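Colleague: Could you have a look at this structure, given as structure tokens, before my questions?
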Amino acid sequence: MYQYSIKQLSDALQTKQVSSVELTQYFLTRMKSLDPQVNSFITQTPELALQMAAQADEALAAGNAHPLTGIPMAHKDIFCTDGVRTSCGSKMLDNFIAPYDAHVVTQFKNCHMPILGKTNMDEFAMGSSSESSYYGPTKNPWDLNAVPGGSSGGSAAAVAAGLVPFTTGTDTGGSIRQPAAFCGISGIKPTYGAVSRFGMISYASSFDQGGPMAMSAQDCAWLLNAMVGFDQRDSTSMQIEPTDYTAQLDKSLKGLKVGVPSDYFGEGLDPHVAASVKQAIAEIEKLGAEVVEVSLPNQKLAVAAYYVLAPAEASSNLSRYDGVRFGHRCDAPNDLNDLYTRSRAEGFGAEVKRRIMVGAYALSAGYYDAYYLKAQKVRRLVRDDFSRAFESCDVILGPVAPTVAFNIGEKTDDPVSMYLADLYTIPVNLAGLPAMSIPAGFVNQRPVGLHLVGPYFSEARLLNVAHQYQQVTNWHQQRPEWVGDK
Amino acid sequence: MQWETVIGLEIHAQLATKSKIFSAASTAYGAEPNSQACLVDLAMPGVLPVLNKRALEMGIAFGLAINAEVPKKSVFARKNYFYPDSPKGYQISQFDLPVVGKGQIEIEVNGEKKIIGVTRAHLEEDAGKSLHEDFHGMTGIDLNRSGTPLLEIVSEPDMRSAAEAIAYAKAIHELVQFIGICDGNLQEGSFRMDVNVSIRRPGEPYGTRTELKNINSFKFVEKAIAYEVDRHIDVIESGGTIVQETRLYDADKDETRSMRAKEEANDYRYFPDPDLLPVMISDEDIEAVRQRLPELPAVLRARFVADYGLSDYDANLLTSSKAMAQYFETMLQTAGDAQAKLCANWMSGELAKSLNRDELAIEASPISATDLAGLVVRIVDNTISGKIAKQVFEAMWQGEGSADQVIEAKGLKQITDSGAIEQIVDEVLAANSQQVEAYKGGQEKMFGFFVGQVMKLSKGQANPAQVNALLKQKLGQ
């Protein structure tokens, strides 16, 4: 059953072939037996899941239930979940039981989707490997020596291992797409403002965006239907026409203009990854799309700009973790300053501290213009690059990451090489565009991701392209052997 | 050589919104600690600010009231600093693009008018309160006030004396209440003043300034400035230099003392708040606020002088608050514009005196504007004399009814029946034949004595004009 699509699970539940309690029980069993090897969950909530499943079954019995009713899911541990620990992968929030639900959590609760637990992640979503979690690294189900990517590594690995049909993730610089690529699943980062950030713990406010992670584009479309929507509690939430993201999935790709940036296939890209991606593009061309060359000349500046702007916002966003009202507090503080410095020194991990310091520096008097303002200018250049490119194409295709999943520990001592893992994904966040990662082959038995980027609010089009590709390929249906049904 | 004092003010006016500037929690004063702090005010992980539209409109209203430019784009910025009563670790304020740009306000000191420039006014959130008493070596944090909307009004260094500073502060205090954006309550901290003071030789560049923080009384502002100016002069004349610093005014000791020097000041790392999009203010938005703006004190004053022939003094008094002006104009609806002066006199006389005595605001006056106008009407139509009117006023103040009801109940109606008055006059003249002789013998000042006797006998109710005429007639014969 773990190989069922969301659509198949929905049909099985709606036609009473299986109850939500049975389905939830099934996934809870898988989680219990398989997760110790993957470490994709920080918190498991079997009681909550079964209780919600029972409610889902009532809703299903009453008829007219939402198509997603009864399908189990899990949230990245960055989404506040009422009554459940929401740690953000940090010691700082190890003792934090959220007193409210994030908007995204409410949306899925309204669909009666049982919550199996909270997934592992890089601390405060800062990382590309899920190794910076206070709860230990998550492992890549395709190779337990490899990282699952990050920061939504737990969400990606849990789906890849078939522990849960789908998870939520967040993407600030690639945190949905890169782990989706590394774990061979499908993930979409919607347009900035499409999904409310209320209750999603902020890393870098002007970049953060939540989205679904699942086995296929079709699954993502179903989930996006429940996730997108205006929320007055988030000032950056956009008022957009309600869209059925599944409606356009079957549309033909004839006449689709696919932009392929020459800049993407240069230095730094693993040639085997490049070959897989090129093959995927050729496949899409065969479906009727026309490939045009586009240029994104300022992309090379994106990583540098991002690592000024995101830490700047983070340095301020993370100031609320001061040991005063919630979260970690040091023992027996001597005075206020001691309370602050020790609580924060003990509560935050190395990468978080690094980014707070970088960000505070970039904002400080005398450096603001040279760093923060200059980076904002680069941000505009990157956005303008995309606008220009989309004048001649409908979607841009390329690699999600320069390599397949690297080994655990391989880059932990070299932050800059870790940062470059997000070379292709970061520009998209600078521009606030929607983008997807879908599986497109393997290199050394580790999955390769194909990156699809579209203009603002083109999610339905991206899902359509991805779905059509998934109709003629089966990369997305492959699973690591060891997670198979017992 | 003389020293010139240079003063600039930063005023924090608490905006009179029902809810906070970025959350839905109530702003009501005096609630149980932390009972009015919602998830957003507590800065829980994941919560986000949403701008209170009313606070923005109030900011715009102030801009219009001081003839300032209201920029099309307004941006909220984060001011980063750690303090327990600042739960997010930053305050949401405005930095580069405040809601109100350059404006001005007129003040008057000793009959001299002067224009004081307002540099800018920006919206920001208030902090919570740290409570150091009752917690045995610990500090209590009350976040009820956290997120209360403030308008920080920054003046140019245009004031040259404490008197000018007070006049400016009072003018702003009057204005913000007049346009209904602040309750002006000094005791509850709704109106707080920071004073920047420096001295220089006239014509020279500005001297180093010190900032006196958080003063919530006009009297203390005056005293703090006086102390600080003396201190500056002492320091400089004895060869020292003034250190730019923030100082606290201690009212009990009537002195200022150093809080922190500029070198210790925080680098606030201001940057645009990414949780709040820039606010775009359209001409229509501004027009909508302008439509709802009441007539401003200066305009109202000019109109009162021009239309009703009031003196500057009366016009000032009657426009000192919106409620005063409304009371006055309501009176005129009943008494008629021709009685504007008399209405003004009653307001500045008996009414002001009684309100003061009983410590009441005009809104709480036991005598309504319509009822006081009813009293004025009875004076004008000779039903009662001005003297009796004071008696009627007193009864009305005690809740004994309208002017007509009191006059009726107490039988205070003026006697205008000439027959009845003549009878009293005759009685008085007959009883005081000696005085009549004296008068006729040339002691003309005796006339007042006869008037007094007639009024006394009539219990003050005889029409004085008729009494005079009759006495003259009878004594002249």
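Colleague: Please state which one of B:303, B:269 is assigned by TED's automatic domain parsing to the domain that holds residue B:125 and among the basic types (Lys, Arg).
Modeller: Of B:303, B:269, the one residue that is assigned by TED's automatic domain parsing to the domain that holds residue B:125 and among the basic types (Lys, Arg) is B:269.
Each row is one residue, and each column tells you yes or no for (1) touching a residue at least 40 places away in the same chain (Cβ under 8 Å); (2) within 12 Å of chain B (Cβ to nearest Cβ).
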| site | (1), (2) |
| --- | --- |
| A:291 | no, no |
| A:306 | yes, no |
| A:322 | no, yes |
| A:325 | no, yes |
| A:331 | no, no |
| A:348 | yes, no |
| A:361 | no, yes |
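Colleague: Can we say residue B:373 is out of contact with any strand residue (DSSP E or B) (no Cβ under 8 Å at 6 or more places or on another chain), surrounded by 15 or more Cβ atoms within 10 Å (Cβ to Cβ), assigned by TED's automatic domain parsing to the domain that holds residue B:318 and assigned to a helix (DSSP H, G or I)?
Modeller: Details: out of contact with any strand residue (DSSP E or B) (no Cβ under 8 Å at 6 or more places or on another chain): yes; surrounded by 15 or more Cβ atoms within 10 Å (Cβ to Cβ): yes; assigned by TED's automatic domain parsing to the domain that holds residue B:318: yes; assigned to a helix (DSSP H, G or I): yes.
When the stated conditions are applied, residue B:373 passes them.
Colleague: Report yes if residue A:74 is in a strand (DSSP E or B), crowded, with 24+ Cβ neighbours inside 10 Å and at pLDDT 95 or above, otherwise no.
Modeller: yes
Colleague: Would you point out which residue out of A:184, A:136 is surrounded by fewer than 24 Cβ atoms within 10 Å (Cβ to Cβ), over 10 Å from the mean Cα position of the chain (by Cα) and away from every other protein chain (no Cβ under 14 Å)? Give the steps one after another, and end with the answer.
Modeller: Working: A:184 fails: surrounded by fewer than 24 Cβ atoms within 10 Å (Cβ to Cβ).
Criteria check complete, one pass: A:136.
Colleague: If you go through region A:306-338 one residue at a time, how many are small (Gly, Ala, Ser) and either part of a helix (DSSP H, G or I) or assigned by TED's automatic domain parsing to the domain that holds residue A:96 (or both)?
Modeller: Our first condition is that a residue be small (Gly, Ala, Ser); within region A:306-338, this holds for A:310, A:312, A:314-316, A:319, A:323, A:327, A:332.
From what's left, either part of a helix (DSSP H, G or I) or assigned by TED's automatic domain parsing to the domain that holds residue A:96 (or both): A:310, A:312, A:314-316, A:319.
Summing the residues that are small (Gly, Ala, Ser) and either part of a helix (DSSP H, G or I) or assigned by TED's automatic domain parsing to the domain that holds residue A:96 (or both) in region A:306-338 gives 6.
Colleague: Can you give me the number of residues within region B:378-436 that are in contact with a Gly (Cβ under 8 Å, 6 or more places away or on another chain) and under 16 Å from residue B:468 (Cα atoms)?
Modeller: 1
Colleague: Can you tell me how many residues within region A:219-247 are in contact with a Leu (Cβ under 7 Å, 6 or more places away or on another chain) and in a loop (DSSP other than H, G, I, E, B)?
Modeller: The number of residues fulfilling the criteria is 5.
Colleague: While we're here: Which residues, counting only those in region A:356-388, are basic (Lys, Arg) and surrounded by 19 or more Cβ atoms within 10 Å (Cβ to Cβ)? I'd like the intermediate steps shown before the answer.
Modeller: Going through region A:356-388, the residues basic (Lys, Arg) turn out to be A:374, A:377, A:379-380, A:383, A:388.
Across region A:356-388, the qualifying residue is only A:379.
Colleague: Is it the case, given these coordinates, that residue A:1 is outside the structural domain of residue A:237 (by TED's automatic domain parsing), among the aliphatic types (A, V, I, L, M) and in a loop (DSSP other than H, G, I, E, B)?
Modeller: yes
Colleague: Restricting the search to region B:69-81, which residues are more than 32 Å from the chain's Cα centre (by Cα) and buried (at least 17 other Cβ atoms within 10 Å of the Cβ)?
Modeller: B:78, B:80
Colleague: Another one. Restricting attention to strands (runs of 3 or more DSSP E) lying wholly within region B:1-112, give those where 3 or more residues are more than 14 Å from chain A (Cβ to nearest Cβ). Steps first, please.
Modeller: Values: elements: B:4-14, B:76-80, B:90-94, B:103-109.
Here the list reads B:4-14, B:103-109.
Colleague: Hey, another quick one. Surrounded by 20 or more Cβ atoms within 10 Å (Cβ to Cβ) and within 22 Å of residue A:421 (Cβ to Cβ), is that true of residue A:65? Full working, then the answer.
Modeller: Working: surrounded by 20 or more Cβ atoms within 10 Å (Cβ to Cβ): yes; within 22 Å of residue A:421 (Cβ to Cβ): no.
No.
Conditions tested, residue by residue: (1) modelled with pLDDT under 95; (2) on the phi > 0 side of the Ramachandran plot.
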| residue | (1), (2) |
| --- | --- |
| A:224 | no, no |
| A:229 | yes, yes |
| A:236 | no, no |
| A:252 | no, no |
| A:263 | yes, no |
| A:274 | no, no |
| A:279 | no, no |
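Colleague: While we're on this one: For region A:407-486, give me every one of the helices (runs of 4 or more DSSP H) that falls completely inside it and has 2 or more residues that are without any contact (Cβ under 8 Å) to a residue 12 or more places away in the chain.
Modeller: Values: elements: A:415-419, A:426-431, A:459-472.
Here the list reads A:415-419.
Colleague: Here's a follow-up. For region A:1-47, enumerate the residues that are without any contact (Cβ under 8 Å) to a residue 40 or more places away in the chain, under 24 Å from residue A:143 (Cα atoms) and of a type in the set (D, E, K, R).
Modeller: A:32
Colleague: Could you look through region A:340-349, keep only residues that are touching a helix residue (DSSP H, G or I) at 6+ places or on another chain (Cβ under 9 Å) and assigned to a helix (DSSP H, G or I), and pick out the one that is surrounded by the most Cβ atoms within 10 Å (Cβ to Cβ)?
Modeller: Here the residue is A:347.
Colleague: Further question: For region B:347-376, give me each residue that is free of Cβ contacts under 8 Å to residues at least 40 places away in the same chain and more than 20 Å from the chain's Cα centre (by Cα).
Modeller: B:366, B:367, B:368, B:371, B:375 - these are the residues of region B:347-376 that are free of Cβ contacts under 8 Å to residues at least 40 places away in the same chain and more than 20 Å from the chain's Cα centre (by Cα).
Colleague: Could you name every one of the strands (runs of 3 or more DSSP E) located completely within region B:115-205 that has at least 2 residues being modelled with pLDDT of 95 or more?
Modeller: It comes to B:149-155, B:191-200.
Colleague: Now for a separate question. Taking region A:199-229, which residues are within 14 Å of another protein chain (Cβ to nearest Cβ), more than 12 Å from the chain's Cα centre (by Cα) and crowded, with 24+ Cβ neighbours inside 10 Å?
Modeller: Of everything in region A:199-229, those that are within 14 Å of another protein chain (Cβ to nearest Cβ), more than 12 Å from the chain's Cα centre (by Cα) and crowded, with 24+ Cβ neighbours inside 10 Å turn out to be A:199, A:200, A:201, A:202, A:203, A:204, A:207.
Colleague: List pairs: first in region B:27-47 and under 17 Å from residue B:92 (Cβ atoms), second not in a loop (DSSP other than H, G, I, E, B), Cβ under 6 Å, 6+ apart or cross-chain?
Modeller: Close Cβ pairs satisfying both conditions: B:43/A:320; B:46/A:200.
The values are calculated or read from the model by the stated rules, or taken from the named source; none is laboratory data. Remember, predicted model here, so these are calculated numbers, not experimental data. Reconstructed Cβ throughout: ideal geometry from the backbone, glycine too, with neighbour counts over all protein chains shown.
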